[in-house]
Amino acid sequence: MRIPIIAGNWKMNKTTAEAVTFVQSLKKELGQLSDRLCVICPPFTALLSVAQELKGSGIEWGAQNLFWETEGAFTGEISSRMLKEIGASYCILGHCERRKILKETDEMVHRKVKKALAEGLSPIVCVGERLEEREKGITFDVIKSQVTQDLEGLKKEEVLRCVLAYEPVWAIGTGRNATPLQAQEVHAFIRKLLGEQFGEEAASKVRIQYGGSVKPDNIDELMAEDDVDGALVGGASLDIKSFARIVNFKV
Ligand code: PGA
């Protein structure tokens, strides 16, 4: 049984004061969740305040990035140890905005995944094809290359602590989501790859989120697909009503 996991990726949005107000409302909107998990990923500056606010609520939280070294001369970077110290559980890694704007490669994502796991964090590892890659018919090749490299050499128990997020780049922030069928097709493919890399048992347990223009009006049909185990939500996670409705998806 895979417990669905809905995560909000706030990106570079919300001041600490705004974040605290948001999570206060979110706690009221969601109450105690029993059959699903909600995770919030605010900017670094709001993490501590959000963590304090979420204590005892059952809502989890994480960061949007980390660096693969433990400490040292890496100006502007944040280590997994710093995140662990303040109680983070999750960290989004390999998001397409970082791959595109900050030129993160699969090799870098892989190092970050390893470091997050070594520190006891659960990485949310994002993969997804660009529009031109889908149009060229090489979606599966791109996904295979990313999944294989990003998770290379992990132990089975490590991969079980990862969450995968399929985020077609053309669907992110565009209002154009993948159809449930398109999502299911790639999710099933990712599960097959995980089976080949880590064995069937691990593959059947790892959760695969869909991300890319998830909204209150498409979440239910996406979650109805067999291999869609949750969502990574950007824009719609910034609005309390939208995000609460997404977390409260119905199947
Ligand atoms: P979006 O972003 O929901 O705004 O499309 C998703 C993401 O970038 O994780």
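The values are calculated or read from the model by the stated rules, or taken from the named source; none is laboratory data. Because the structure is a prediction, the values reported are computed rather than measured. Every residue, glycine among them, receives a Cβ derived from its backbone with ideal geometry; neighbour counts consider all protein chains shown. We work out accessible area using only protein heavy atoms, side chains counted, and drop any ligands, DNA or RNA first. Shrake-Rupley method; radii C 1.70, N 1.55, O 1.52, S 1.80 Å.
Quantify, in whole percent, the carbon and sulfur part of the accessible surface of the chain (1.4 Å probe; protein heavy atoms only).
Heavy-atom surface of the chain belonging to carbon and sulfur, 1.4 Å probe: 52 percent.
Per DSSP helix of 4 or more residues, -39500 (n - 2.57); summed, then divided by the residues of the chain. What does that give at 222 nm, rounded to the nearest 500? Mind showing how you got there, number by number?
Values: 12 runs with 107 residues, N = 251.
Value at 222 nm, helices only, nearest 500: -12000 deg cm²/dmol.
Please go through the residue pairs 114/215; 112/250; 27/250; 112/205; 100/144 and name each one whose alpha carbons sit more than 28 Å apart in this structure.
On the way: 114/215 32 Å; 112/250 34 Å; 27/250 19 Å; 112/205 22 Å; 100/144 18 Å.
Listed pairs above 28 Å: 114/215; 112/250.
Mind checking the log10 I(q)/I(0) for the chain at q = 0.08, 0.09, 0.15 Å⁻¹? Debye, one equal scatterer per Cα, no solvent, two decimals.
-0.27, -0.35, -1.04
Computed over the Cα atoms of the stretch 1-110, what is the ratio Rg over Rh, Rh following Kirkwood?
0.98
Grab the Cα-Cα distance for residue 48 and residue 34, subtract it from 0.36 nm times how many residues apart they are, and report the gain in nm with one decimal.
So the chain would gain 2.6 nm between residue 48 and residue 34.
Efficiency by 1/(1 + (r/R0)^6): what FRET value for residue 107 and residue 12, r their Cβ-Cβ distance, R0 = 22 Å, to the nearest 0.05?
With a Förster radius of 22 Å, E is 0.35.
Sequence gap at least 6, Cα distance under 8 Å: using those rules, report the relative contact order of the stretch 5-247 to the nearest whole percent.
19 percent
So how strong a dipole does the chain carry about its Cα centre when Lys and Arg Cβ are +1 and Asp and Glu Cβ are -1, to the nearest 20 debye?
Computed charge dipole of the chain: roughly 480 debye.
In the P(r) worked out for the stretch 182-251, what percent of Cα pairs fall beyond 13 Å? List each step's numbers first, then the result.
Numbers: 1524 of 2415 pairs.
For the stretch 182-251, the fraction of Cα-Cα distances above 13 Å is 63 percent.
When only the heavy atoms of the protein chains count and the probe is 1.4 Å, how do 45, 174, 16 rank by accessible area, highest first?
45, 174, 16
Report D for the stretch 128-251 in µm² per second (integer): Stokes-Einstein, Kirkwood Rh on Cα pairs, 25 °C, 0.890 mPa s. Could the numbers behind the result be given before it?
On the way: Rh = 14.8 Å.
Approximately 166 µm²/s, per Stokes-Einstein.
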